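Values in this text are rule-based calculations from the coordinates and carry no lab data. Since we're looking at a predicted model, the values are computed, not measured. Cβ placement follows ideal geometry from the backbone for every residue including glycine, while neighbour counts extend to all protein chains displayed.
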Amino acid sequence: MATPGGRGRGPEAPGEVASLLNSSMLLTSAYFNNRLQPCRISVNSSGTPLSSCTASGVGNILDISYNFNPGADNGNVMSITNNIDNLRSQTFIYDTLNRLYIAQTNATYATSSTKCWGEQYSYDPWANLLGTASPSSYTGCTQESPGPGGSVNANNQLSADTYDAAGNLTAMPNGSSYSYDAENHLLSTAGVNYTYDGDGQRVEKSNGTIYWHGAGSDALDETNLSGTLTNEYIFFGGARIARRDPSSNVFYYFSDHLGTARAIAEVPSGQTTATKCYDADLYPYGGERWYTDTCDSHFKFTGKERDSESGLDNFGARYNASSLGRFMTPDSPSYSNHKNPQSWNLYAYSLNNPVTFRDADGHKIDCLNNTQQCQADAAAATGNAQAASQVTTQTTTTQHSFLGLFHWTTTETQIAITGDINAFRALSPNASKLADLVQSKDTISVSYDQYAKPSFWANGIALNGGSVSFTPSQGYAPQAFIDPTRKPGFVYDQDAVNQGIPQANTAEEFGHEVLGHIWGEMFGGAPAGTRANMRDSIIGEDAVRALDPARGQKGIESHHNYNEMPPDNYKPPQQ
């Protein structure tokens with residue numbers, strides 16, 4: 001259901017909705033430049049779309065335009081123009097590491113003391129946001145309090161705050177305190193307790209809210225603790241677009257490029273005319289600056305829920321503090337990109353570039369190439385026909401540029417599961433394992449490459465191909481390389497050859513590496529290289545082989561011992 005009585009049109013730029021018309025004739029139109037970057041988002045009650053990014057006419061609910069600095073476009077948002085009120089337009093300056101350095105409005109204190117704000121950020125070399133100051137021409141403007149300020153320790157933790165052994169922030173000098181469970185979920189703060197389900201999704205707040213989730217991570221309904229409905233939410237294209245309350249009043253959300261609702265329009269029950277009841281800008285790191293607020297929503301920065309008791313934003317896997325410009329708990333090391341040291345700081349928000357990037361929930365399995373084969377193998381690896389029919393992919397394409405000279409496109413395809421996730425889990429053991437990985441807080445990469453070249457040795461035997469996986473206990477982000485080659489006469493599955501059964505096909509290798517080795521370490525409690533982890537890999541593979549009796553079974557005792565591999569610097573004798 002897209003919107004009550006409305007209709008939607010699919011995305012023109014990958015992953016983005018180009019047009020959406022609701023039953024109150026509020027038309028959202030999004031336009032993109034030649035690099036598929038958003039250049040304008042307009043919401044108009046006339047129902048007549050603008051023709052282009054630069055067309056005349058202004059949407060009367062929301063109308064913002066983006067500048068990516070043509071000719072030197074490296075992906076950073078350089079300015080956001082508010083076409084309704086130019087005094088609220090914003091410009092941005094970045095440092096040499098693409099971290100946001102200055103953000104400021106067109107309005108200064110001299111032109112509009114009520115609409116002006118400016119922030120200048122300072123960082124250390126380790127990607128810690130150390131402070132926020134106001135440029136001189138913005139002194140006296142009404143704006144958010146500066147933060148975080150102070151120093152950090154060797155673990156990138158704020159020195160003035162207190163942390164537990166897992167790196168979770170537990171206390172601040174202002175008296176705020178936070179407690180966590182063994183899985184680092186925030187359990188309580190400001191007198192409110194939180195409850196989570198087995199998938200780590202928050203399902204209850206003790207001060208009066210129960211969340212009812214669908215197949216995704218967003219709650220579709222909210223009730224009070226007695227079960228009485230308080231809010232139901234409507235999504236389209238993966239975004240929250242409307243809320244309906246128990247009196248059937250409807251509130252439409254209109255968001256910017258980051259998913260932050262910048263405007264909300266209310267349609268009272270039984271009526272069709274919408275009135276803008278919320279109008280706001282957000283500071284780059286998430287602080288709120290509203291101009292109209294008669295129907296406040298608790299979904300704010302990038303569409304995440306902001307808890308009134310703490311001011312924290314619930315990002316699913318962890319909580320973000322907009323007042324600090326960083327997360328309360330560290331990210332998983334697997335998110336670090338070894339090619340970008342700025343990503344090594346596990347508390348930093350979106351590489352300290354919050355205007356251009358946003359931090360998603362991080363629940364995904366990435367198919368790096370051969371995406372159709374990846375989906376087919378993930379589906380077959382469930383070992384169940386019904387589960388296989390529910391395995392699909394979601395693809396997002398991003399245009400990149402460096403100094404306006406080099407241009408490239410990246411496409412990210414993720415394994416997704418349709419339908420009820422709990423019913424999917426019940427279909428087979430491998431289906432449950434796939435659901436674990438899809439919903440985990442880590443990113444698991446699957447690549448179809450012949451990683452095991454003849455120089456890759458196991459048990460003193462030079463392999464002619466084959467699949468291999470790597471895990472966090474080995475110092476890697478979880479990733480699997482599945483060999484798509486099938487050359488007659490070549491041995492790439494010594495276990496199968498030893499038993500006289502067919503060598504593993506790619507679906508069986510997916511079950512072996514992804515649902516076996518990787519799942520075994522992340523969820524089975526068996527680190528890679530242990531006998532238990534080897535058993536997990538054979539169980540994962542044999543579940544796929546069981547679909548065809550002619551494929552045979554390896555049995556849990558058959559796995560070759562990777563612990564006997566020679567060291568990385570081993571060189572085989574010259575022939």
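What to note about this one:
- ASP63 long-range amide H proximity, modeled H, under 5 Å: VAL43, ASN83, ILE84
- Long-range amide H partners of SER255 with built H, under 5 Å: ARG262
- Computed on the stretch 250-289, with alpha-carbon pairs under 8 angstrom and 6+ residues apart, the relative contact order is 29 percent.
- Label-point gap, in nm, between THR485 and ASP436 - each point 7 angstrom along Cα→Cβ: 3.3
- 3J(HN,Hα) along the stretch 115-128, derived from phi through the Karplus expression 6.51 cos²θ - 1.76 cosθ + 1.60 where θ = phi - 60°, amounts to 10, 8, 7, x, 9, 10, 9, 10, 10, 9, x, 9, 6, 8 Hz, with x in place of Gly and Pro.
- Note on MET25 and THR228: the model spin-label points, each 7 Å out from Cα along the C-beta direction, lie 3.7 nm apart.
- Taking 0.36 nm per residue of separation and subtracting the current Cα-Cα distance, fully stretching the chain between THR114 and SER188 would add 23.0 nm.
- Inter-probe distance in nm under a simple model that places probes 7 Å from Cα toward Cβ, at ALA133 and THR292: 3.8
- Whole-Hz Karplus values for the stretch 179-185 come out as 10, 9, 8, 5, 9, 6, 7 Hz, taken residue by residue from phi with 6.51 cos²θ - 1.76 cosθ + 1.60 and θ = phi - 60°; glycine and proline positions read x.
- The stretch 246-340: trypsin sites (Lys or Arg not before Pro) in DSSP coil with no more than 14 other Cβ atoms inside 10 Å: LYS339
- Residues ASN153 and SER389, FRET efficiency given R0 of 51 Å [Cβ-Cβ distance, rounded to 0.05]: 0.50
- Computed from point charges on the beta carbon alone (+1 for Lys and Arg, -1 for Asp and Glu), the dipole magnitude for the stretch 240-298 about its Cα centre is near 180 Debye.
- Taking amide H as placed 1.01 Å from N in the peptide plane, SER89 has its amide H under 5 Å from the amide H of ASN82, ASN106, ALA107, each at least 5 places away in sequence or on another chain.
- The stretch 7-352, dipole about Cα centre (Lys/Arg Cβ +1, Asp/Glu Cβ -1), debye to the nearest 20: 820
- Residue-by-residue Karplus 3J(HN,Hα) for the stretch 88-95, coefficients 6.51, -1.76, 1.60, Hz, glycine and proline x: 8, 4, 10, 10, 9, 10, 10, 8
- Separation of alpha-carbon centers, the stretch 83-111 and the stretch 189-225, rounded to whole Å: 36
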